[in-house]
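One structure is given below, encoded as structure tokens.
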Amino acid sequence: MINYFNFAKRKNGYLLTNDFGKYQFVRKNTFEELVHNRVSNNNPEKQLLAENGFLIEQPIELFVKENAPWLRGMKEYCLGGTSLHIFAVTNKCNLDCVYCQAHSSDSSLNQSMTAETGRKAVAFAMQSPNKNLTFEFQGGEPLLNFEVVKEMIEYSKKINRDKIIQYTIVTNLVHLNEKKLQYLTENSVSICTSLDGPENVHNHNRPFRSNGLGSYNDVVAKILSLKQRQIKIGAIQTTTNYSLSYPREIINQYRQLGINTIFLRPLTPLGLADSSWRSLGYTSEQFLTFYRAAFDYIMELNLRGEYFSETHAGYFIKKIFYHYADNYMELRSPCGAGIGQMSYYHDGSVYTCDEGRMMSEMGDQTFRLGNVLTDSFQDCVCSPVCAAVCKASVVESLPKCARCVYQPYCGVCPVVNYAAAGNLYEKNSKDFRCEVYKGIMDLIFNVIEEGDDRKINILKSWAN
């Protein structure tokens, strides 16, 4: 008996995947035998088909018992409780990034979280049943409200009884001075910044708000200072249409600073990126042309013996090879909105996720769950809003996703769907994110199908 599977035609046959997250390349004749439920005992691919759960050759009860752990491993985060808590402690910022999703264009509306609201937000987040929590401080620019960041860290330590809390701050580094750095290092707060590439690219994307000049020199100087002191720092990259011509240069900028990993991110059409899409945006194929060039160059570096990884591919690789859904919420099914992350605004409002909070910056409160001043964690996670977003992100039940060969490794973002089309459910079968995700997984499975162990081991190294 055959088990349910999805498939796609490949150069040398077919790629099969199933709900356990297992995959197998098969020859054309094997595929034809399989769909007609008559795989010959002499077929050399039959045993592997059974081992991977595409054929059921045992009592169904035993088959379920043996394969349930694979499915459980892919979905165990659903029962863990909300782990990532993002605190937008201010929407003030000293930069005016062309794609910003997180600060008001009207400086008169700039506001910051108070210490009281910060403590309430911390106490609210710690109601999550998850033992392992990540507290991420964002803005705007969180260093512009650093005293409240400190208060929240101190308060979380004061009231903590049984949680393991990791702290991280996402900052442009410009306001990072010796006193603030000492506090962050003493309290094991991870530091993450934004670096969009070499000077011309970064300055185009991330100028100062006060004078329009680029922030590259300031950011790079701070990164080098931290590296010289052996303080680990992460960096994230955002791709505008100006960035598309510089895949190698962007990667080389990271290498020059001693950063051996990069997250090549397409724009999210929220905030200024949405209103300025015509001047900033691009098609999915334009992004994939950029991404393929970068992917090939990174693979080339690794083949020459230099370790360098690409994080976007890494999230897929963890699911493909290790059946593990990492803490990247939009590649989960259901997505992490509410049940994996929550986002807190300066006024105490709680949103399903960071994207939901960004929608509030655009004047739309659809994804607001409640407020830490008046509601409990239980109220918010059990709200109809949280339920609706979870339901809309179960890819196994979505018509455009259910039969896709990449369905076990993919996910959708209902907030982005809502921003683009006014509907939690994306009805365009070839929408931007779908095409980008398929393109990235095409590259990964091309390497797997090619069968070069060196390249496959390089991919696996990116999962670490």
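The values are calculated or read from the model by the stated rules, or taken from the named source; none is laboratory data. Just so it is clear, the structure is predicted and the values come from calculations on it, not from any experiment. All Cβ positions, even for glycine, are placed from backbone atoms using ideal geometry, and neighbour counts span all protein chains on display.
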Taking the stretch 82-99 and keeping only residues that are over 10 Å from GLN138 (Cβ atoms) and among the hydrophobic types (A, V, I, L, M, F, W, C), one is left with LEU84, CYS93, LEU95, CYS97, VAL98
Across (1) assigned to a strand (DSSP E or B); (2) aliphatic (A, V, I, L, M); (3) surrounded by fewer than 17 Cβ atoms within 10 Å (Cβ to Cβ), ILE191 clears everything bar (3)
Pairing a residue in the stretch 4-25 that is on the phi > 0 side of the Ramachandran plot with any residue that is at pLDDT below 95 and surrounded by fewer than 18 Cβ atoms within 10 Å (Cβ to Cβ), where Cβ atoms lie under 6 Å and the two sit 6 or more apart in sequence or on different chains, gives none
So, first residue surrounded by fewer than 18 Cβ atoms within 10 Å (Cβ to Cβ) in the stretch 441-464, second residue part of a loop (DSSP other than H, G, I, E, B), Cβ within less than 9 Å, six or more apart or across chains; the pairs are ASP442/TYR406; ASN446/LYS11; GLU449/LYS11; GLU449/ASN12; SER461/TYR307
Within the stretch 266-296, the count of residues that are farther than 23 Å from CYS100 by Cβ, surrounded by fewer than 17 Cβ atoms within 10 Å (Cβ to Cβ) and of a type outside the set (Gly, Ala, Ser) comes to 4
Residues in the stretch 156-172 that are within 22 Å of the chain's Cα centre (by Cα), assigned to a loop (DSSP other than H, G, I, E, B) and without any contact (Cβ under 8 Å) to a residue 60 or more places away in the chain total 1
Counting only helices (runs of 4 or more DSSP H) entirely within the stretch 233-296, those with at least 1 residues that are farther than 22 Å from ASP431 by Cα and touching a strand residue (DSSP E or B) at 6+ places or on another chain (Cβ under 6 Å) are 247-256
Exercise for review: Please verify whether the stretch 416-430 includes one or more residues that are modelled with pLDDT of 95 or more and buried (at least 21 other Cβ atoms within 10 Å of the Cβ).
Suggested key: no
Only unsatisfied item for THR366, checking (1) under 23 Å from GLY139 (Cβ atoms); (2) out of contact with any helix residue (DSSP H, G or I) (no Cβ under 9 Å at 6 or more places or on another chain); (3) in a loop (DSSP other than H, G, I, E, B), is (2)
The residue that is surrounded by the most Cβ atoms within 10 Å (Cβ to Cβ), considering only those in the stretch 372-403 that are touching a helix residue (DSSP H, G or I) at 6+ places or on another chain (Cβ under 9 Å) and not hydrophobic (A, V, I, L, M, F, W, C), is SER393
Mind checking whether some residue in the stretch 197-219 is within 15 Å of PHE137 (Cβ to Cβ), of a type in the set (S, T, N, Q) and crowded, with 19+ Cβ neighbours inside 10 Å?
no
When the stretch 1-35 is checked residue by residue, the ones that are part of a helix (DSSP H, G or I) and surrounded by fewer than 18 Cβ atoms within 10 Å (Cβ to Cβ) are LYS28, ASN29, GLU32, VAL35
Scanning the stretch 76-96 residue by residue, the ones that are more than 24 Å from TYR167 (Cβ to Cβ) and crowded, with 16+ Cβ neighbours inside 10 Å total 2
